Amino acid sequence: MIQKVLAVETSCDDTSVAIVDRSAKVIIQVSLTKDLDHAIFGGIVPEIASRNHTFALLPLIDEALKKSQLSWDDIDGLAVTNRPGLIGALIVGLVTVKSLALAKNKPMIGVNHLEGHLLAPFLCDDQYQPSFNFGTPYVALAISGGHTSLYYVQGLGNYKILGTTLDDAAGEAFDKFGKMLGLGFPGGVQVDQFAQSGDPKKFILPRSMIHDDTLNMSFSGLKSAAHRLIQELGVDEVQKNKSNLCASFQEAVVDVLLSKLEKAAFLYQVQNVVITGGVSANSRLRTRAEQLAKSKKWKLAIPPLRYCTDNAAMIGLVGLLRLANGESHQSDLGPSPKSWPQDFESP
Ligand code: KG4
Ligand code: ZN
């Protein structure tokens, strides 16, 4: 009987370890985020991410066990993100978990990182409980630095991709725009902060594909328009209008994301809606999503930040559900930079 799973997430730059139990409770989660190591390069450097994982992972596993006062005897299985992600970063987590599974004689499962994001709202801990009565089917908007997609979720392993960005991910667009303004990395958080004192109507920026019939999105046109605007304004005006620029850019991204989410909920006739991934930390997006949910009578689930950004707890939950279902992988399991074809049904 699978009661507790130890999970490892190393698909990008965050190293995270969690122990999750059968009731989806996160017993412990310990993570290391080293944004500063990448900041001077203005983006994530895969080799640095991999090297940091090699230093951080085993100490974090020890820390998770120690802090939760559990031993290996209490752990019934291991879960690890093996797809999609940066290949070198994935290898560190996967090789470590495969070795531990062999050494400790535990079943192991490789988990799709995006499936983790989709199920994250069901995690719970002493401070967070998912909203009661929330269940499948639901429409999920997963928005991060690497992914921006809409899904229709009918149950474990039953995920249909409804639409996706055709170019930049929403978080990537935030980060690149932040870089244009000389804000630190990752830019999304800074843009959100500056935007709070800015006027979102000061500059009109494009909302690409907002009226098209599909649920696909695009953010590269917005990024180019923002770049042109910054050039035209010149250094002094940009400095004076930093907050207005951030608010206007942010409003354009939020308009596109929420309009596509609304369209998806309408087309699939669902009232249950999830927003997840690092960009769901955005304060304007949260406020406007809550207003929209109220007006549409949606049940809206946005996991707390610790389960929105990359984290091992969500991988633990997927691993636990799948191991409990009798699924597992052997030591020939490999990493993959992309999802497996069978992971998601295409539109
Ligand atoms: O899910 P995540 O931690 O990592 C992956 O990319 O998978 O998401 C990180 C992204 C970054 O692009 C970051 O700028 C963005 O989430 N982000 C935000 C905010 N907080 C994080 N974007 C806008 N507003 C925020 N408050
Ligand atoms: Zn992610």
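Kindly check whether there is at least one residue in region 315-335 that is within 27 Å of Lys176 (Cα to Cα), of a type outside the set (A, V, I, L, M, F, W, C) and in contact (Cβ under 8 Å) with a residue 40 or more places away in the chain.
No: region 315-335 contains no residue that is within 27 Å of Lys176 (Cα to Cα), of a type outside the set (A, V, I, L, M, F, W, C) and in contact (Cβ under 8 Å) with a residue 40 or more places away in the chain.
What do you reckon, is Glu237 modelled with pLDDT of 95 or more, part of a helix (DSSP H, G or I), within 30 Å of Tyr138 (Cα to Cα) and away from ligand 2 (no atom under 16 Å from the Cβ)?
No: the conditions fail for Glu237.
Can you run down the residue pairs with Cβ atoms below 9 Å, 6 or more apart or on separate chains, where the first is in region 188-215 and within 16 Å of ligand 2 (Cβ to nearest atom) and the partner is polar (S, T, N, Q) and assigned to a loop (DSSP other than H, G, I, E, B)?
Within 9 Å, the pairs are Gly188/Asn282; Val189/Asn282.
Quick check on region 297-335: of everything there that is basic (Lys, Arg) and more than 16 Å from ligand 1 (Cβ to nearest atom), which residue is surrounded by the fewest Cβ atoms within 10 Å (Cβ to Cβ)?
Filtering region 297-335 for residues that are basic (Lys, Arg) and more than 16 Å from ligand 1 (Cβ to nearest atom), the one surrounded by the fewest Cβ atoms within 10 Å (Cβ to Cβ) comes out as Lys297.
Can you name the number of the only condition in (1) touching a residue at least 60 places away in the same chain (Cβ under 8 Å); (2) surrounded by fewer than 22 Cβ atoms within 10 Å (Cβ to Cβ); (3) under 17 Å from Lys338 (Cβ atoms) that Asn82 fails?
Result: Asn82 fails condition (2) only.
Right, Ser131: surrounded by fewer than 16 Cβ atoms within 10 Å (Cβ to Cβ), among the hydroxyl-bearing types (Ser, Thr, Tyr) and more than 24 Å from Trp298 (Cβ to Cβ) or not?
no
Condition test on Leu183, is it modelled with pLDDT under 95 and either outside the structural domain of Ser259 (by TED's automatic domain parsing) or buried (at least 20 other Cβ atoms within 10 Å of the Cβ) (or both)?
yes
Within region 13-24, does at least one residue satisfy the condition of being assigned to a helix (DSSP H, G or I), of a type outside the set (D, E, K, R), in contact with a helix residue (DSSP H, G or I) (Cβ under 7 Å, 6 or more places away or on another chain) and surrounded by 17 or more Cβ atoms within 10 Å (Cβ to Cβ)?
Within region 13-24, none of the residues are assigned to a helix (DSSP H, G or I), of a type outside the set (D, E, K, R), in contact with a helix residue (DSSP H, G or I) (Cβ under 7 Å, 6 or more places away or on another chain) and surrounded by 17 or more Cβ atoms within 10 Å (Cβ to Cβ).
Select from region 1-29 the residues that are in contact with a His (Cβ under 9 Å, 6 or more places away or on another chain) and hydroxyl-bearing (Ser, Thr, Tyr) and write down the one among them that is nearest to ligand 1 (Cβ to nearest atom).
Ranking the qualifying residues of region 1-29, first place goes to Ser11.
Exactly one of these conditions fails for Ile143: (1) assigned by TED's automatic domain parsing to the domain that holds Ala293; (2) surrounded by fewer than 20 Cβ atoms within 10 Å (Cβ to Cβ). Give me its number.
It is condition (2) that Ile143 fails.
Considering Gly182, Gly155, Gly146, Gly110, which residue is free of Cβ contacts under 8 Å to residues at least 40 places away in the same chain, closer than 25 Å to Lys338 by Cα and out of contact with any helix residue (DSSP H, G or I) (no Cβ under 6 Å at 6 or more places or on another chain)?
Of the residues listed, the single one that is free of Cβ contacts under 8 Å to residues at least 40 places away in the same chain, closer than 25 Å to Lys338 by Cα and out of contact with any helix residue (DSSP H, G or I) (no Cβ under 6 Å at 6 or more places or on another chain) is Gly155.
Of (1) in the same structural domain as Gly93 (by TED's automatic domain parsing); (2) within 19 Å of Tyr138 (Cβ to Cβ), Glu290 satisfies all except one. Which?
(1)
The values are calculated or read from the model by the stated rules, or taken from the named source; none is laboratory data. As the structure is a computational prediction, the values presented were derived from the model and not from experiment. Here the Cβ is made from the backbone with ideal geometry for all residues, glycine too, and neighbour counts use every protein chain on show.
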